[in-house]
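One structure is given below, encoded as structure tokens.
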Amino acid sequence: MVEAGAAAGSPGLNWAGTHRYAADRLAEPASIAEAQRLVASASRVRALGSRHSFNDIADPGEGGLLLSLAALSGEEASIEIDTDARTVTVASATRYAALATHLEQHGWALENMGSLPHISVGGATATGTHGSGERNRNLSAAVVGIELIDGSGSLVTLTESGDPERFPGAVIALGALGVVTRLTLRIVPSYRMRQDVYLDLPWASVESDFDAVMGGAYSVSLFTDWRESGPHQVWVKAVVSSSAPLTPAIEPGLGYFGAVSAGEKVMSPADEGHDNTTVQGGVVGPWCERLPHFRIDATPSNGDEIQSEYFVDRSSALDAIAAVRGLGARIRPHLLVSEIRAVAGDPQWLSPTRGVDSVALHFTWKNEPDSVRELLPVLEAALAPFEARPHWGKWFAADASTLAPLYPALPRFAALADSLDPEHRFRNPYLARVLGL
């Protein structure tokens, strides 16, 4: 894995080494006031989170400024729980691992987490990052309030209750509205979970019992390389306490729709040489140590990789899966692993779910940029009949001509972006390419 961290002044690479930022410099202000001054004086500026996006979404381009809030400290980096409102307010640069640990220590939890706890709250929610579970919406759906620095350098607060007309465009905003400083998220009482892994699920079970397979627990992930025999791993995460919405617990030693129990431990589905996964084997533990796939103290996934992901409506999922299976022989030589997950719909304007229950088809590719670039148009053509929407922070080939028609609220989002950033300080080549902004 490429170590992508860079000192202030040096933009460097993203986490996986798949993008070198073209920005002229990186600034790490010590206070929000300093960040405001930097925004107001820059012609082009973009916020940088934990560098886990695989494309150029965070890059302002040549002549621009990258702005990281990771150096904030004290009250400006604090985590504040409001037990009466059942919310937590957190700095945007805070990583999910730190937030989750703090909540668990105080008896609270998030309803959902992504595969990686290493990612920042601000970056993950701005790109529509998600976990798994047919009743679990993406991470941004938990946000009820957001504070950001707008194009004038002013602090602006938008809330779900106070700004119902604009708020659906404020969270999954791809950095177009400003530099997010703090977010307020819904929380629930802490709960406990178990994680069981099953091997060799037949495609026949997926086809005949898809709803039951994906709904068999709080969170279900199917890992496959699109071989003919079926997904080679199924990760099942079940709630085992009554303090969160209950789902069926998985009985030890029993199979899962034709898949067999893996026992105590399997390695990373993207690289069998990495022991970096969270506790399996049905051992009960805190939600924050079971919902993510990967441990915070280890390199997540493979590290030396490229990622793509596409959302399709749940009603089209089996047809979309069949279309990808038809490309299996072409995909497999360049693939580390694919993951199939269910995601509940949410009403955010730029959410890849588009408000309907969806299924996400994820691809972790070998770090072969030329091969992946050649494959993506082929894959996207196969998924085009299902109006597949790419994850905003990963590799995809589609541009605004394809994507803009999939998001009816895009004109409203563009108007919101213009109102908060009339001089277009936050525009960049990515926004021009994928949304026509």
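Worth pointing out:
- DSSP beta bridges fully contained in segment 5-81 are about 10 percent antiparallel.
- Each stretch of four or more DSSP H residues adds -39500 (n - 2.57); spread over every residue of the chain, this sum gives -5500 deg cm²/dmol at 222 nm.
- Residue with peak Gaussian network fluctuation, the chain [Cα springs, cutoff 10 Å], from Pro352, Pro164, Pro292: Pro164
- Amide H partners (placed H, <5 Å) of Leu335, local residues excluded: Lys366
- Principal axis analysis of the Cα atoms in the chain yields extents of 61, 49, 40 Å, listed in decreasing size.
- For segment 224-232, 3J(HN,Hα) computed residue by residue from phi via the Karplus equation (6.51, -1.76, 1.60; θ = phi - 60°) reads 8, 10, 6, 5, 5, 6, x, x, 8 Hz, glycine and proline entered as x.
- Calculated FRET value between Asp200 and Arg373, using beta carbons and R₀ = 22 Å, to 0.05: 0.10
- Only one residue of Ser132, Gln36, Ser190 has its Cα farthest out toward the positive end of the dipole of the chain, where Lys and Arg carry +1 and Asp and Glu -1 on Cβ, and that residue is Gln36.
- Segment 113-220 - Rg and Dmax from Cα coordinates, angstrom: 17.8, 57
- Evaluated on segment 1-137, the Kirkwood hydrodynamic radius is 16.0 Å, with distances taken between all distinct Cα atoms.
- Cut-off of 10 Å, at most 12 other beta carbons, DSSP loop: longest stretch of the chain lacking such GluC sites (Glu not before Pro): 273-422
- When +1 charges are put on Lys and Arg Cβ atoms and -1 charges on Asp and Glu Cβ atoms, the dipole computed for segment 273-422 relative to its Cα centre reaches about 340 debye.
- Taking amide H positions as modeled 1.01 Å from N, with prolines and chain starts lacking one, the residues under 5 Å from Trp108 and 5 or more places away or on another chain are Ser190.
- Rounded to whole Hz, the Karplus (6.51, -1.76, 1.60) HN-Hα couplings of segment 20-33, x for glycine and proline: 9, 5, 8, 4, 5, 7, 10, 10, 10, x, 8, 8, 5, 4
- Surface per residue (accessible, 1.4 Å probe) for the chain, Å²: 36
- Model label points for Arg25 and Asp84, set 7 angstrom from Cα along the Cα-to-Cβ axis, are 4.6 nm apart.
- The apolar share of the surface of the chain, taken as the fraction of accessible area on carbon and sulfur atoms (1.4 Å probe, ligands and nucleic acids excluded), comes to 51 percent.
- Working note: Karplus 6.51/-1.76/1.60 with θ = phi - 60° gives segment 316-332 the couplings 9, 4, 5, 5, 5, 4, 4, 5, 6, 4, x, 9, x, 5, 7, 6, 4 Hz, where Gly and Pro are set to x.
- Nonlocal amide H pairs with Val283, under 5 Å, H built at 1.01 Å: Gln195
- Exposed loop sites, defined as trypsin sites (Lys or Arg not before Pro) outside DSSP H, G, I, E and B with at most 16 other Cβ atoms within 10 Å, are absent from the longest region of the chain, namely 266-437.
The values are calculated or read from the model by the stated rules, or taken from the named source; none is laboratory data. All values derive from a computational prediction rather than experimental measurement. When we count neighbours, we look across all protein chains shown, and the Cβ atoms used for this are built from the backbone with ideal geometry, even at glycine. Each accessible area value is taken on the protein alone, full model and side chains, heavy atoms only, with ligands, DNA and RNA left out. Shrake-Rupley method; radii C 1.70, N 1.55, O 1.52, S 1.80 Å.
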